[in-house]
Amino acid sequence: MLELRDVAKSFGGNRVLNGISLTVERGEMVCLIGASGSGKSTLLRCINLLEPIDDGAVFLDGQDISEPGLNPDPVRRRIGMVFQSYNLFPHMTAEENVMLAPRRVHGKTREALRPQVTELFTRFGLADRMQHYPDQLSGGQQQRVAIVRALAMRPEIMLFDEITSALDPELVGEVLDVLRQLRSEGMTMVLATHEMKFAAELADKICFLDAGRIAEQGPPSQIFEAPQKARTRAFLSRVL
Amino acid sequence: MRRRSNIIAGVSTTLVVLAIVTLVPLAPGWAAVKKSFFNAEVFAQTFPRLVQAFLWDIAIFLWSVPLITVIALAIALARDTKNPALFPLKLFGILYTDIFRGIPVILVVYLIGFGIPGLGLPRPWNSPYIWGTVALVLTYSAYVAEIFRSGIESIHDSQRAAAASLGLSQSDTMRFVVLPQAIRRVVPANMNMLIALQKDVALLSFIGPVEVLRQAGVFKSLLANFTPYVGAALIFLSVTIPATRYADYLIARQRRERS
Ligand SMILES: Nc1ncnc2c1ncn2[C@@H]1O[C@H](COP(=O)(O)OP(=O)(O)OP(=O)(O)O)[C@@H](O)[C@H]1O
Ligand SMILES: [Mg+2]
């Protein structure tokens, strides 16, 4: 469903992604792990066309979406993304945050969207928070609203960039529960995460990024229990 | 503690005021100044007409504000465009703000206010009210555009990234995500521009409109007395002081909200 071929990306002279190849099948959950600065966020931003890539290609359902000159908007609608810092629109209620894109992009009215949006809020335990502004919500609630906002566009694949890293420890669980729920519903997901236990429990595939390369990838059992590379072992011994 | 500092402030203010009230009249020219600047009779005679003339200042102000808002926003967006095809627009925005912020307002008022009616346009298109307004609008649009632009640039890139990731177009992102936040953020700065504009309407007195400053000048010539100018100043203060306080309050509130 998603395929990266030799993706390279530099900022100035700094080569941040250095030939990344990766495939994600429909319904799979892939976790990117690696030290800070290894390129996880950049990789996700390249998939979502928030950053242009310098080399290689990204395919979504066989379509080359990294082609220069391609209108990125229709592609981004098919890819949902959730950020570490939530990035809700602070001047809108939770409901307006969620409705904005479907209204503008699909031309639907608020009334037409309301049942579907209410259902999403209810599903993630936010039914009584729809009319709240972001600064009236806890971090965990804000992050769940951000997830609902992305889901309201009915994306085919979701990208999550360390979405629990900015949360107080006691709020991490409620957001991870949302991911579990999405996983069980068969959503295709790519996560950058520092939650190793969670990754080990749920991921189909773990990719260990090191200095802009995928140093090692495989099922959690292999990466966590029998890592092949010294770099992987060194990283895991630091974080586990 | 608070009470004590209030007492000290009260006492020292009273002392200063007493000193001014007793010392200033001792100056040799005081009697003459009092007669020509603080003449109660002249004040009573001219003040109502001055207030009436001030309605022109308010009217010119009121119809300038929406024009300034629209033009300033357009210029700010033109300057902010990242689309290479729209570079000429961006260049225009840069030139516009550079030029109109670089010329004294009074000069723009003279050039446009005298220059364009000089073309011999038919009524009402030769009215100094129109061209005076145009001069103010052109100048203030340049300043307000820069304020809007600073607001737009103060919105964190992550907001645009979030909007883009939802598939919103750039124009929708600007309209629904960036601008509403940017405009809110620069309300206090724009309040200060509005106060300056209200005062600068008086510059139009030099090209014709009989607003409060010009009316005061007429009275001065008529009565050979400067008291009408003091009256005009009081009228301006009655508007600008509350407005300034309100702007300060908005700034303080915003600072509290952001911390
Ligand atoms: N817009 C940018 N301009 C310049 N350099 C950038 C930019 N974005 C990222 N980088 C650099 O790219 C490298 C990889 O950053 P990236 O954010 O992808 O790492 P990460 O793996 O997500 O790290 P973390 O775990 O801290 O989030 C870093 O060295 C960073 O400084
Ligand atoms: Mg990151």
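Between helix A:94-106 and chain A there is an angle of about 80 degrees, using the helix long axis and the longest principal axis of the Cα atoms.
In the context of the full protein assembly, A:Glu95 retains an accessible surface of approximately 10 Å², using a probe radius of 1.4 Å and ignoring ligands and nucleic acids.
B:Trp30 to B:Leu250: extension gain in nm, 0.36 nm per residue of separation minus the Cα-Cα distance?
Values: separation 220, 0.36 × 220 = 79.20 nm, distance 4.12 nm.
Between B:Trp30 and B:Leu250, full extension yields an extra 75.1 nm.
Here segment A:1-22 is scanned for amide nitrogen atoms under 16 Å from the site 7 Å beyond the Cα of A:Asp61 along Cα-to-Cβ, giving A:1-3. Applying 1/(1 + (r/R0)^6) with R0 = 51 Å to the Cβ-Cβ distance of A:Ser10 and B:Leu107 gives a FRET efficiency near 0.55.
When you look at the Cβ of every residue in B:155-165, what mean number of other chain Cβ atoms sits within 10 Å? Walk me through the numbers before you get to the answer.
Working: counts 0, 2, 2, 5, 4, 2, 7, 14, 6, 7, 20.
Mean number of neighbouring Cβ atoms from other chains: 6.
Please work out the FRET efficiency for the pair A:Ser138 and B:Ser154, using the Cβ-Cβ distance as r and a Förster radius of 45 Å; give the result to the nearest 0.05. For A:Ser138 and B:Ser154, the calculated efficiency is 0.95.
Scanning residues 5 or more positions from A:Met81 or on other chains, those with amide H under 5 Å from its amide H are A:Leu159, with H placed 1.01 Å from N in the peptide plane.
Each peptide in A:32-39, A:173-180 was scored by the mean count of other Cβ atoms within 10 Å over its residues; highest first, the order is A:32-39, A:173-180.
Helices meeting the span-like rule in chain B (full DSSP H runs, Cα extent of at least 20 Å along the helix axis, mean Kyte-Doolittle score of 0.5 or higher): B:2-23, B:40-80, B:87-102, B:128-154.
The protein assembly as shown: D in µm²/s via Stokes-Einstein (Kirkwood Rh, Cα pairs, 37 °C, 0.692 mPa s)? Don't jump to the answer; show the numbers that get you there.
Numbers: Rh = 27.8 Å.
Diffusion coefficient, whole number: 118 µm²/s.
For B:Phe92, neighbours were defined as the other residues whose beta-carbon sits under 15 Å from its Cβ, and their charges (Lys and Arg +1, Asp and Glu -1) total +1. If the label point is 7 Å along Cα→Cβ of A:Glu3, which residues in segment A:47-67 have backbone nitrogen under 16 Å from it? Residues passing the 16 Å test: A:56-67. According to the calculation over all Cα-Cα pairs in segment B:39-258, the P(r) per 10 Å bin from zero is 8, 26, 30, 21, 11, 4, 1, 0 %.
Tally Lys/Arg at +1 and Asp/Glu at -1 over every other residue whose Cβ is under 11 Å from the Cβ of B:Val239; what's the total?
Working: positive: B:Lys199; negative: B:Asp57.
Around B:Val239, the surrounding residues sum to 0.
For B:Ser169 and B:Glu41, what does the FRET efficiency come to when R0 = 56 Å and r is the distance between their Cβ atoms, rounded to the nearest 0.05? Result of the calculation: an efficiency of 0.25.
Measuring with a 1.4 angstrom probe and ignoring ligands and nucleic acids, B:Ile20 comes out at about 100 Å² accessible.
Its Cα gyration tensor gives chain A an equivalent ellipsoid. The semi-axes, each the square root of 5 times an eigenvalue, are 30, 22, 15 Å from largest down.
The values are calculated or read from the model by the stated rules, or taken from the named source; none is laboratory data. Since we're looking at a predicted model, the values are computed, not measured. Reconstructed Cβ throughout: ideal geometry from the backbone, glycine too, with neighbour counts over all protein chains shown. For the accessible areas, the whole protein counts, side chains as well, though only heavy atoms, and no ligand, DNA or RNA atoms are used. Shrake-Rupley method; radii C 1.70, N 1.55, O 1.52, S 1.80 Å.
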